[in-house]
Amino acid sequence: MIELSLAEVAELTGGELTGPAGAHVTGKVTLDSRTVAPGDLFVAVAGERVDGHDFLGAAAAAGAVAALAVRPDAALPTVVVDDPVVALGRLATGVHARLTAGGLLTLGITGSSGKTSTKDLLGQVLAAAGPTVSPPGSYNNDIGLPLTVLDADDSTRFLVLEMGARGPGHIARLCRIAPPRIGVVLNVGSAHLGEFGTPEGTARAKGELVEALPEDGTAVLNADDPRVLGMAPRTAARVLTTGRDPGADVRATDVSLDDSARAGFTLVASGEEHRVALQVTGEHQVANALSAAGAALAAGMSPADVAGALSTATARSRWRMEVDRRADGVLVVNDAYNANPESMRAALAALTGLPATRRVAVLGAMGELGPDAAAEHDRLGRDAAAAGVDLIVAVGPDAVGIAEGAAAAGHRAGEESVHVPDRAAARALLTEVLRPGDVVLVKASRAYGLELLAADLLTTGDGA
Ligand SMILES: Nc1ncnc2c1ncn2[C@@H]1O[C@H](COP(=O)(O)OP(=O)(O)O)[C@@H](O)[C@H]1O
Ligand SMILES: [Mg+2]
């Protein structure tokens with residue numbers, strides 16, 4: 001973060017400083033007292049399980065210069081505010097405005113699937129052109145986004161922000177915290193349909209990003225998704241389209257997959273063609289790479305530099321198509337960060353594209369699907385069976401529909417399509433049946449914790 005006096009922190013947040021005004025925040029902003037280092041600003045937030053206000057003393061002991069909190073504390077100078085999360089957003093807004101005046105370029109990414117993957121690709125591409133802030137992980141809400149903004153300083157040239165939509169108006173709010181000049185919309189799928197009701201509702205919410213762009217900005221829209229392309233009239237910015245669609249401004253031709261399910265393609269943009277060999281797994285990454293390319297081109301990079309940087313970019317955030325081979329040769333694909341119908345299909349396509357003697361899909365439920373949940377789990381099971389997955393293991397009570405769907409599509413129940421009650425049962429079954437030459441995909445919504453099962457599977461084959 002840029003250095004700020006406590007008086008400036010109070011001014012930007014609208015809070016009241018208790019304690020000496022002269023001290024300066026020289027470190028970072030953090031909500032976790034365990035990560036506090038000397039010079040940091042500690043933000044006390046009351047969460048579901050713990051209240052940051054109980055850790056003001058710990059933050060002070062670790063060297064925090066001050067805290068943003070709802071009440072003063074004897075342990076350290078405090079900027080007292082009504083709502084520390086709102087204050088954190090205001091602080092980010094103030095700092096962002098200063099950095100933008102100094103030449104910082106801000107890029108926002110939203111969509112139903114692939115935000116983090118695309119942010120990680122774009123962050124690595126832009127880093128080839130200048131200092132870039134784009135932290136690994138999914139810092140895409142009212143807390144994560146301002147924290148990302150506050151990571152930037154005077155030396156930062158590019159700031160890449162992931163924006164998740166938790167209901168109508170949320171993305172508009174995130175855009176007010178840190179107005180982007182380039183906005184990328186990836187896709188509109190069924191993620192969080194429970195919150196938006198219909199895909200049209202989701203499209204309305206995701207499109208708030210392009211509505212927030214200024215006239216001299218660029219909306220990077222996925223031409224292969226009609227609901228995304230349909231956002232073009234909602235922006236004052238220039239529109240740059242990306243996709244396989246022959247009419248897209250930035251497109252991919254001659255897409256190929258190597259035997260590790262990594263895609264290659266020819267990037268066609270600005271009348272130039274450059275071959276790209278992605279290091280990340282799954283054909284769905286082509287769409288993400290094109291969106292990242294569009295944004296990087298809009299930021300002023302050349303097609304050749306973009307293609308080169310895309311070809312060296314690696315997976316930065318965990319549990320997204322993480323591919324590991326265990327000692328006995330079983331390949332484990334850990335895609336357990338989250339799941340919705342589109343990302344399930346993308347992962348199954350990657351699984352069926354991998355060379356293997358047998359393909360195994362260990363699938364947990366997809367959360368937040370609303371009233372369509374039962375039908376979607378049934379359809380997933382059917383599609384997985386039809387795609388040629390040899391063994392489907394559905395894990396947990398909410399996933400039973402996946403096994404039933406697969407059985408309805410012709411998988412022998414209890415043999416090719418198995419339902420197990422929990423992770424431990426899945427582990428026991430898989431320890432029994434996995435053989436060298438098998439490829440195992442592990443995927444579910446995050447709440448089901450299947451990333452731990454994937455980690456377990458990697459160690460079991462070693463005799464560990
Ligand atoms: N463009 C895409 N289309 C469909 N699924 C995708 C796409 N990109 C990533 N995925 C899948 O979605 C899951 C979540 O990816 P991630 O990049 O974390 O997205 P988000 O940040 O939007 O949740 C991953 O498991 C991945 O397999
Ligand atoms: Mg994410």
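In whole percent, how big is the carbon plus sulfur part of the accessible area of the chain, probe 1.4 Å, protein atoms only?
Roughly 50 percent, rounded to a whole number.
Are there trypsin sites (Lys or Arg not before Pro) in segment 397-464 that DSSP puts in a loop and that have at most 15 other Cβ atoms within 10 Å, and which ones?
Listed in order of number, the matching sites are R412.
At a probe size of 1.4 Å, how large is the accessible area of H24, to the nearest 10 Å²?
Looks like 80 Å² after rounding.
Nearest 5 percent is fine: what portion of the DSSP beta bridges confined to segment 4-114 is antiparallel? List each step's numbers first, then the result.
On the way: 7 of 15 bridges.
DSSP beta bridges in segment 4-114 are roughly 45 percent antiparallel.
So, counting K/R as plus one and D/E as minus one, what does the shell of residues with Cβ under 12 Å around S33 add up to?
-3
How much of the DSSP beta bridge set in segment 313-464 is antiparallel, as a percent to the nearest 5? Could the numbers behind the result be given before it?
Values: 4 of 23 bridges.
The antiparallel proportion sits near 15 percent.
Ratio of the chain's C-alpha Rg to 2.2 N^0.38 Å, to two decimals? Spell out each step's value before the answer.
Values: Rg = 23.4 Å, N = 464, 2.2 N^0.38 = 22.7 Å.
My calculation over the Cα atoms of the chain gives 1.03.
What percent antiparallel are the DSSP beta bridges of the chain, to the nearest 5?
Details: 23 of 72 bridges.
Rounded to the nearest five, the antiparallel share is 30 percent.
Quick one: if the Förster radius is 45 Å, what FRET efficiency do T431 and D83 give, using the C-beta to C-beta distance and rounding to 0.05?
Values: r = 49 Å, r/R0 = 1.09.
That pair, T431 with D83, gives E of 0.35.
Could you derive backbone 3J(HN,Hα) for segment 151-165 from the dihedral phi with the Karplus parameters 6.51, -1.76 and 1.60 (θ = phi - 60°), listing whole Hz in sequence and x where the residue is Gly or Pro?
So the Karplus estimates, Gly and Pro as x, are 6, 6, 9, 4, 8, 6, 9, 10, 10, 10, 10, 8, 10, x, 10 Hz.
Please state, to two decimals, what the Cα-based radius of gyration of segment 96-244 comes to when divided by 2.2 N^0.38 Å (N = residues).
0.96
Cut-off under 19 Å on the C-alpha distance; same-chain residues fewer than 8 positions from K443 excluded. Which lysines are left, in chain and number order?
Filter leaves K115.
How far is the Cα center of segment 154-184 from the Cα center of segment 221-248, in Å?
Taking the Cα centre of each part, segment 154-184 and segment 221-248 sit 19 Å apart.
Pop out the ³J(HN,Hα) list for segment 276-282 in order, Karplus 6.51 cos²θ - 1.76 cosθ + 1.60 with θ = phi - 60°, rounded to Hz; leave Gly and Pro as x.
Here the 3J(HN,Hα) series is 10, 10, 6, 9, 8, 9, x Hz.
Residues with beta-carbon under 12 Å from that of G47, excluding G47: net charge, scoring Lys, Arg +1 and Asp, Glu -1?
-3
Once amide H atoms are placed 1.01 Å from N in the peptide plane, what residues at a sequence separation of 5 or more from R262, or on another chain, have their amide H within under 5 Å of its amide H?
G282
So, in nm, how far is label T357 from label I2 when the simple model puts each one 7 Å beyond its Cα toward the Cβ?
6.2
What order do F55, F265 take when sorted by accessible area (1.4 Å probe), most exposed first?
The ordering from most to least exposed comes out as F55, F265.
Can you compute the modelled spin-label distance between D324 and D258, with each label point 7 Å from Cα toward Cβ, in nm?
If labels sit at D324 and D258, their model points lie 2.1 nm apart.
5 Å is the cut-off here: which amide hydrogens, built 1.01 Å from N in the peptide plane, fall below it relative to A46, excluding neighbours closer than 5 in sequence?
It is G52, by chain and number.
With a 1.4 Å probe and every protein chain left in place, work out the accessible area per residue of segment 183-230 in Å², rounded to a whole number.
Working: 1670 Å² over 48 residues.
Roughly 35 Å² per residue, with all protein chains present.
Rank P214, A92, G164 by how far each Cα sits towards the positive end of the charge dipole of the chain (+1 on Lys, Arg Cβ; -1 on Asp, Glu Cβ) and give me just the farthest.
Value computed over the given set: P214.
In debye to the nearest 20, how big a dipole does segment 297-444 give about its Cα centre with +1 on each Lys and Arg Cβ and -1 on each Asp and Glu Cβ?
On the way: 15 positive and 19 negative charges, 83 e Å.
Around 400 debye, computed over segment 297-444.
Using a simple spin-label model with points 7 Å from Cα along the Cα→Cβ vector, what separation in nm is obtained for D216 and E16?
Taking the two extended label points, one gets 4.1 nm.
For the chain, what does the relative contact order come out to in percent, with C-alpha contacts under 8 Å and a separation of six or more?
Here the relative contact order equals 11 percent.
How would you rank 220-227, 115-122, 35-42, highest first, on the average number of other Cβ atoms within 10 Å across their residues?
The most tightly packed comes first, giving 115-122, 220-227, 35-42.
List the aspartates and glutamates whose Cα lies under 19 Å from the Cα of K206, skipping any in the same chain that are fewer than 8 positions away.
Once the sequence-local aspartates and glutamates are set aside, what remains near K206 is D142, E162, E195, E215, D224, D225, E342, E368.
Given the DSSP H assignment, sum -39500 (n - 2.57) over each helix run of at least 4 residues in the chain and divide by its residue total; what's the result at 222 nm in deg cm²/dmol, nearest 500? Display every interim value, and only then the final one.
Working: 17 runs with 164 residues, N = 464.
Counting only the DSSP helices, I get -10000 deg cm²/dmol.
Which FRET efficiency value, to the nearest 0.05, is calculated for A387 and A232 with the Förster distance at 45 angstrom and r the Cβ-Cβ distance?
So the FRET efficiency works out to roughly 0.85.
The values are calculated or read from the model by the stated rules, or taken from the named source; none is laboratory data. What you see is a predicted model, and the numbers here were worked out from it, not measured in a lab. Quick reminder, even Gly has a Cβ in these numbers, built from the backbone with ideal geometry, and neighbours come from all protein chains shown. Note: areas computed on protein heavy atoms with side chains; ligands, DNA, RNA excluded. Shrake-Rupley method; radii C 1.70, N 1.55, O 1.52, S 1.80 Å.
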